[in-house]
Every structure is written in structure tokens, then in C-alpha cells.
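The values are calculated or read from the model by the stated rules, or taken from the named source; none is laboratory data. The structure presented is a predicted model; accordingly, all values stated were derived computationally and were not measured. Every residue, glycine among them, receives a Cβ derived from its backbone with ideal geometry; neighbour counts consider all protein chains shown. We work out accessible area using only protein heavy atoms, side chains counted, and drop any ligands, DNA or RNA first. Shrake-Rupley method; radii C 1.70, N 1.55, O 1.52, S 1.80 Å.
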Amino acid sequence: MTVSGSIGRATLDFTGSARGVQDFAGLTGRFKLAGPSLAAIGDPIGVTLPGTPPFRATGTLTRSGGEWRVGIDDATVGSSRLKGDFLYRAGADRPLLSGRLGGARLLLADLGPALGGASPAPREGKVLPGGAFDLAALRAMDADIAIDIAEVDLGTPLLGALQPLRAQLRLAAGVLSISELEARTAEGWLKGDIGLDGRGDLALWSADLRWGDVQLEKWLRQARTDAPPYVAGRLGGRATVTGQGRSTADILASLKGRVRAQLRDGRMSHLVVEAAGLDLAEALGLLVSGDSTLPLDCAVADIQAEAGVLRPQVMVLDTADSTVSVSGSLSLAAETLDLTAIALPKDFSPLTLRSPLRVQGSLADPQVSLEKAPIGMKVAGAALLALLNPLAALLPLVDTGNSDEADRLAAGCAALARRGAAKRAPEK
């Protein structure tokens with residue numbers, strides 16, 4: 001038999017055989033399928049499939065009794081290349097889809113609509129996905145799928161891909177879980193569990209993720225061909241967070257939990273450290289002689305999330321040259337930033353305009369500025385002294401360093417780092 005037709009908004013070509021035309025018993029053959037979205041074929045036949053970019057797939061189809069077996073040799077969904085083997089079985093309560101999903105590459109953005117990325121109306125000034133989840137679809141079917149994908153592209157040119165990613169996806173009575181998650185990237189690892197409970201009007205989301213030994217100089221794509229990376233070292237940490245809502249934006253706006261991270265064997269651009277502290281003399285010298293890296297004696301972050309607002313409890317970078325601390329907040333509910341970075345020098349500098357660095361505004365349009373009051377006081381002092389002696393104008397710009405405060409922050413940073421190191425071994 002040869003069939004050409006449509007399933008919903010998708011087109012189907014099938015060539016094969018069957019023992020009976022009335023019920024298609026013993027159906028077997030090969031198919032070609034294409035459409036604007038996987039959901040375009042899932043909706044008409046009652047199978048829960050995500051909304052995606054346009055797709056096309058080839059493979060085999062077999063029916064035996066009440067079971068359908070599908071072998072996908074090659075599927076292109078947007079920029080993703082996937083394959084798999086699946087068994088669909090009708091059930092008394094809900095049908096069950098089981099099997100294995102693999103492939104050479106998955107672009108995370110291709111699942112954007114499934115993750116709430118598609119919004120029915122533009123969200124002016126917003127960047128977080130606001131499209132509503134199809135919670136009813138989660139309740140229509142059960143699933144048990146093993147995932148093994150060679151490369152998962154995170155959808156941003158700033159971050160390296162996960163290579164590979166393995167997990168077990170289960171969907172039962174409206175509760176979706178991704179467990180036994182394991183991934184590798186930049187010689188490091190990622191493990192954990194993610195859950196989405198879609199039984200109520202609001203989706204309840206939770207995540208417990210751990211990572212370690214991620215080499216930042218390889219994971220973060222830092223375009224510096226003739227200079228060392230801005231930051232390097234092995235990143236580890238853990239995130240335990242929850243949220244609820246009808247979209248990704250809603251869940252992030254209600255985010256609650258804790259994120260901890262630590263950098264081991266860290267190194268940071270000397271130029272960045274001096275620029276953060278507005279040490280003009282050293283920064284100009286580095287521009288002439290070339291940048292170098294400073295070892296990070298300690299680098300930790302402990303961030304608390306409550307009602308979608310992230311606040312650093314501790315965020316410190318400590319080098320032999322300076323100690324940089326970050327405070328403030330980042331609101332995922334309002335999509336705004338209000339962060340302050342302060343660099344405390346440990347050394348003498350003859351020319352500095354040290355002032356707190358502020359990052360404010362919206363996630364869509366962040367604004368970086370310097371607190372004007374400290375700079376204004378130094379410039380005013382220099383102007384007054386210049387009336388007495390032009391050389392005296394440099395005195396307010398001379399910084400002898402604040403080693404006591406820097407050492408206090410460094411000691412706290414080191415204590416947190418030791419505590420994280422004690423916990424790291426059993427989590428691995």
C-alpha cells in the first residue's frame with residue numbers, strides 16, 4: 001500500500017503493507033513526515049508532543065495489536081538532528097509512550113515553545129519567556145523515555161555545549177520528571193533532577209542541580225586571541241530552587257531557593273581587576289605591556305532566591321592585588337538589576353579613582369555606571385589642591401590600599417571555600 005495525505009497540519013507519505021484495510025492489522029512500512037511543529041501531528045492522534053520549529057522525519061512504522069512501533073532514522077527539528085525508537089500503547093486511563101531519544105545535536109531553542117518560549121503577544125521590555133504551558137497536554141498521556149544526545153547546544157554563543165547529555169524523562173498523570181541527569185562540558189560534569197507538576201492550575205517546578213570541575217576558560221567563550229582569558233579555573237556548585245506559575249517567566253518570578261558556586265584554581269585578568277577598581281596607573285601600564293592573569297586565592301558565591309529576587313549573601317573574588325565583593329539584587333519578577341561591585345586594593349597606587357561599580361536597569365537594557373560621589377570628592381579635592389601646587393592635585397588620587405578590610409573579606413571567602421570543599425567529595 002502507498003498512502004499520501006495529512007495528519008493535522010503535517011504531511012505524510014507511507015509505503016508498506018497491511019493484512020487488512022479495515023483495521024490496518026499487521027501494518028508495516030516506511031514513512032516520511034513533515035510539518036510546522038511536532039504538536040501538529042500529536043494533537044490529532046492524542047499524543048502529547050511539544051511545540052517546535054518546522055520538522056521533517058523518516059523512519060519505520062509497525063502496528064501489532066494495540067501497539068505502534070516507530071523507528072526514527074533521521075529527524076530534523078529546526079537546527080536539531082535527532083533519532084529514536086518508540087512504542088505507543090493505548091491504555092485504559094492514558095496512553096503510554098516509551099522508548100529512546102538520541103541524536104547528534106539538540107538546540108535548546110528548538111524546544112523554546114515547549115518551555116514557554118512562545119508568547120501569544122510581545123512582552124515589551126521583557127526577555128524571559130512568557131508563553132503559557134499546555135498543562136492539559138501533560139495530563140493526556142504518560143511517557144517513559146531514555147535520553148542520550150551527543151550534543152546539546154544551550155542556544156547562546158557565550159556558552160559551550162553539553163557533550164553528551166543523558167537522562168530519563170517520565171510523565172505520569174501530569175507530573176513530568178527528568179531524573180538521572182548527567183552531562184559533560186568543558187571537562188566538567190553536571191548532575192541532578194528537574195520536575196514539573198502539571199496537575200493543578202499552576203505548574204509546580206523544582207530543580208536540584210550539581211556541577212563540578214567545569215573549566216571556565218573552555219565553557220565561557222571569551223574572544224581574546226592575543227591575551228589570556230578574562231577568567232579561568234574549575235567551577236563547582238549546587239542549585240536547589242523551586243517555583244510555580246503558568247509560564248517560564250511566572251516560575252522565575254516566584255523562584256525560591258539557593259545557588260552556591262565556587263571557583264578552584266582560579267585565575268582572572270589583571271586588567272579586569274584593576275579596571276574594576278579604577279586603578280588608572282596599573283590599567284594603563286597593562287594596556288602598554290599586555291594583560292596577565294592573577295591567581296584567585298578564593299572565589300565563592302552564595303545567592304539566596306526569594307519571590308523571584310536573587311540576593312548575594314556572599315560574592316567575593318580575592319587576589320593578591322585586590323578583593324572584589326558584589327552586593328545588591330537581581331529581580332526575575334520585575335526583570336531588573338541593582339548590583340554594586342566594590343574593589344578593595346591591597347597595594348599602593350599613585351593614580352586611582354576607586355569608586356563602586358553599579359549595574360542597574362532592566363535585563364533587556366542593563367546600565368553600567370560608577371557612583372559619582374566618591375569620584376566627585378576626589379576630583380574636587382584635586383582641584384582645590386591644584387590651586388596651591390599643581391603636583392599636590394595628585395594627592396587625592398593616591399591610594400595606599402585597604403588591606404585590613406580586604407583581608408577580612410578574604411578570610412570569610414576562604415572559610416566558605418573550605419566548607420564547600422568538605423561537601424564536594426560526597427556530592428560527586
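Shown in residue order for segment 3-20 are the 3J(HN,Hα) couplings computed by the Karplus curve 6.51 cos²θ - 1.76 cosθ + 1.60 at θ = phi - 60°: 10, 10, x, 9, 10, x, 9, 9, 9, 10, 10, 9, 10, x, 8, 8, 7, x Hz (x for Gly and Pro). Would you mind checking segment 135-156 for residues with the amide N under 19 Å from a putative spin-label position 7 Å along Cα→C-beta of Arg89? The answer is 140-147.
For the cross-link pairs Lys83/Lys126; Lys126/Lys218; Lys83/Lys191, the ones whose C-alpha atoms lie over 26 Å apart are Lys83/Lys126; Lys126/Lys218.
Heavy-atom accessible surface of Thr60, to the nearest 10 Å², is about 50 Å², with a 1.4 Å probe and all protein chains retained.
Between Leu159 and Glu180, the simple spin-label model (points 7 angstrom out along Cα→Cβ) gives 2.4 nm. With both labels modelled 7 Å from their Cα along Cα-to-Cβ, the Leu190 to Ala172 distance reads 2.6 nm. Across segment 83-90, coupling constants 3J(HN,Hα) worked out from phi with the 6.51/-1.76/1.60 Karplus curve, θ = phi - 60°, read 7, x, 9, 9, 10, 10, 10, 5 Hz, and Gly and Pro carry x. In this structure the amide hydrogen of Thr336, modeled in the peptide plane, comes within under 5 Å of the amide hydrogens of Ser331, Leu363, none closer than 5 places in sequence on its chain.
Residues whose amide H lies under 5 Å from that of Gly59, counting only those 5 or more places away or on a different chain, are Phe31, Asp73; hydrogens are built 1.01 Å from N in the peptide plane. Scanning residues 5 or more positions from Thr319 or on other chains, those with amide H under 5 Å from its amide H are Asp297, Val324, with H placed 1.01 Å from N in the peptide plane.
Using a probe of 1.4 Å, the accessible surface attributed to Phe86 totals some 40 Å² when neighbouring protein chains are kept in position. Electrostatic tally near Arg258: other residues with Cβ closer than 12 Å to its Cβ, Lys and Arg +1, Asp and Glu -1, net +1. Each residue, Lys218 and Asp148, gets one label point 7 Å from its Cα in the Cβ direction; the gap between the two is 2.3 nm. Computed from backbone phi, the HN-Hα couplings of segment 172-183 come to 9, 6, x, 10, 9, 9, 10, 10, 6, 5, 9, 8 Hz, rounded to whole numbers (Karplus: 6.51 cos²θ - 1.76 cosθ + 1.60, θ = phi - 60°; Gly and Pro given as x).
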